[in-house]
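Everything below concerns the one structure shown next.
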Amino acid sequence: MSGDPIHDELDERAGAVEQQVIEWRHHLHRNPELSNREVDTAKLIADHLTSLDLDEVRTGISGHGVVGVLRGGKPGDRVVALRADIDALPVEEDSGESFASTVVDQDYPGGPFPVAHACGHDGHTAMLLGAATVLAGVRDQLPGTVLFIFQPAEEGAPAGETSGAKQMIDEGACDDPAPTMAFGMHLGPLPCGYVGYRVGNQFGASSMIKIVLTGRQVHGSTPWMGIDPMPAAGAITVGVGQLYRQVSAFDPITVTIGHIEDIGRFNIVPGTVTLWGTIRCSVEEDMADIQKRLTTLAEQTAAAYNCTAEVDYLQDVPAVHNLKKWTDAVLPTIKSVVGAEKVFETPATLGYDDVSEFVNKYGGVYLMLGAQDGELTDEGKLVPTPGGRGLVPNHNPRFYVDDNALAHGVRIHCKVAYDHLTGTITPAV
């Protein structure tokens, strides 16, 4: 692998595009767009891919998804899909960056919301644009096809709307040609330039919760003349905290009610209250059981307060599962890029990512790329770098990305793509 001269050329080209990748990231960071609203982000992506003279640039897939198709100049039937997510979050940024977002989406359902790239998707998009630039420059040396997949709505479309990875697949984003491997990375709170991997579930399974509690609206001065769903909402919110005790403690789950809404004002007992939340399961097969238990809890609790509960589960996302045969195949390439000492196995997490739809369907691997001020102790413990900015989790208002991580991401994308197309990255049968 290291003896192939194209690896040196990929490194040189990645270095040449690094400043542009940083500029793309800063631009996207200043101008974030929420799920299913990524209009300008998609235009920037499509315009640049078109400028590379790719074989195809497909737009409007699953809303604002974009797919670039690069057919190599050498014969080959392998197809690698490199994926980046492009949407931002309804989070008010407090990163302290000079290019921090001040965007507020006035029209988003449930808003207005402040908007920020508090999960690193700006970096994901910029890295993949950089990889597309590099690989397009060596297309004559590629034996196969590269798909550059820019996916909208990874954070989940608003309730009642659809989008995301599964819909991209359903709409034929990867039909011609079909991938023989899918690959992606997620920037996060690991030491800058380090790569974390996990055999098995890199991320857990997820489901969105919607519980509508119905009572009978009345003035707050005469609650006995109506049916108040608020006490039921409170009891359910407290009750979900005990669901973990009903399943094995060795297979973690979490149930969170993150948002409660009603229609009314301070002196009105509402007619309905809606609870929104999420279920996360480390073992995907536990999801149906947790959903059944939560439905029972909601319906029986509502009945105890003389109201009713309607429970729906939306936007089911399967776990991101890295098979050992794929992980074993890809790690030598990753180590050749960042160094073996910077590649380590991470613990389980209950985060989710619908890249699982690509990895589970086509095979491949999803990794974590470190982008913050941290260190690994001799015992393998992750700690903040003294005097640094700390290790800040994704979705936190203070989340940040070290720009120095981006060049590593470009090089990893390019070398994983080339090594799969040439057969170096091939899972054992």
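The values are calculated or read from the model by the stated rules, or taken from the named source; none is laboratory data. Bear in mind the structure is a predicted one, so any value in this text is a computation, not a measurement. For neighbour counting, all protein chains shown are included, and Cβ atoms are generated from backbone atoms with ideal geometry for every residue, glycine included. Surface areas here come from the heavy atoms of the whole protein model, side chains and all, with no ligands, DNA or RNA. Shrake-Rupley method; radii C 1.70, N 1.55, O 1.52, S 1.80 Å.
Check whether at least one residue in the range 231-252 is of a type in the set (Ser, Thr, Tyr), out of contact with any Asp or Glu (no Cβ under 9 Å at 6 or more places or on another chain) and either open to solvent by less than 30 Å² (accessible area, probe 1.4 Å) or at pLDDT below 95 (or both), and report yes or no.
yes
Kindly list the number of the only condition in (1) open to solvent by 10 Å² or more (accessible area, probe 1.4 Å); (2) within 26 Å of His7 (Cα to Cα); (3) not in a loop (DSSP other than H, G, I, E, B) that fails for Pro143.
Checking Pro143 against (1) open to solvent by 10 Å² or more (accessible area, probe 1.4 Å); (2) within 26 Å of His7 (Cα to Cα); (3) not in a loop (DSSP other than H, G, I, E, B), the one that fails is (3).
Taking into account only those residues within the range 413-429 that are among the aliphatic types (A, V, I, L, M) and under 14 Å from Thr327 (Cα atoms), which is surrounded by the fewest Cβ atoms within 10 Å (Cβ to Cβ)?
In this case the residue turns out to be Val429.
Answer yes if at least one residue in the range 167-175 is more than 19 Å from the chain's Cα centre (by Cα), acidic (Asp, Glu) and part of a loop (DSSP other than H, G, I, E, B), and no otherwise.
Yes: the range 167-175 contains one or more residues that are more than 19 Å from the chain's Cα centre (by Cα), acidic (Asp, Glu) and part of a loop (DSSP other than H, G, I, E, B).
Within the range 102-140, restricting attention to residues that are among the aliphatic types (A, V, I, L, M), in contact with a strand residue (DSSP E or B) (Cβ under 9 Å, 6 or more places away or on another chain) and assigned to a loop (DSSP other than H, G, I, E, B), which residue is farthest from Arg411 (Cα to Cα)?
Looking at residues that are among the aliphatic types (A, V, I, L, M), in contact with a strand residue (DSSP E or B) (Cβ under 9 Å, 6 or more places away or on another chain) and assigned to a loop (DSSP other than H, G, I, E, B), I get Val103.
Between residues in the range 85-102 that are touching a residue at least 12 places away in the same chain (Cβ under 8 Å) and residues that are part of a loop (DSSP other than H, G, I, E, B) and of a type in the set (Gly, Ala, Ser), which pairs lie under 6 Å by C-beta distance while being six or more apart or on different chains?
Asp87/Ser35; Asp87/Ala153; Leu89/Ala118; Val91/Ala118; Glu93/Ala100; Glu93/Ser101
Select from the range 176-213 the residues that are small (Gly, Ala, Ser), open to solvent by less than 20 Å² (accessible area, probe 1.4 Å) and in a loop (DSSP other than H, G, I, E, B) and write down the one among them that is farthest from His121 (Cα to Cα).
Here the answer is Gly204.
If we only count strands (runs of 3 or more DSSP E) wholly inside the range 24-101, which ones have 2 or more residues that are more than 21 Å from Lys361 (Cβ to Cβ) and open to solvent by less than 70 Å² (accessible area, probe 1.4 Å)?
The qualifying strands (runs of 3 or more DSSP E) are 56-61.
Would you call Ala136 in contact with a Ser or Thr (Cβ under 6 Å, 6 or more places away or on another chain) and of a type in the set (A, V, I, L, M)?
no
Of the residues that make up the range 159-166, is at least one at pLDDT 95 or above, part of a helix (DSSP H, G or I), more than 16 Å from Phe183 (Cβ to Cβ) and not acidic (Asp, Glu)?
Yes, some residue in the range 159-166 is at pLDDT 95 or above, part of a helix (DSSP H, G or I), more than 16 Å from Phe183 (Cβ to Cβ) and not acidic (Asp, Glu).
Could you list, in sequence order, the residues of the range 266-301 that are open to solvent by 20 Å² or more (accessible area, probe 1.4 Å) and in a loop (DSSP other than H, G, I, E, B)?
Phe266, Asn267, Ser282, Val283
If we scan the range 309-331, do we find a residue that is free of Cβ contacts under 8 Å to residues at least 40 places away in the same chain, surrounded by fewer than 17 Cβ atoms within 10 Å (Cβ to Cβ) and either in contact with a Lys or Arg (Cβ under 8 Å, 6 or more places away or on another chain) or over 30 Å from Thr180 (Cβ atoms) (or both)?
no
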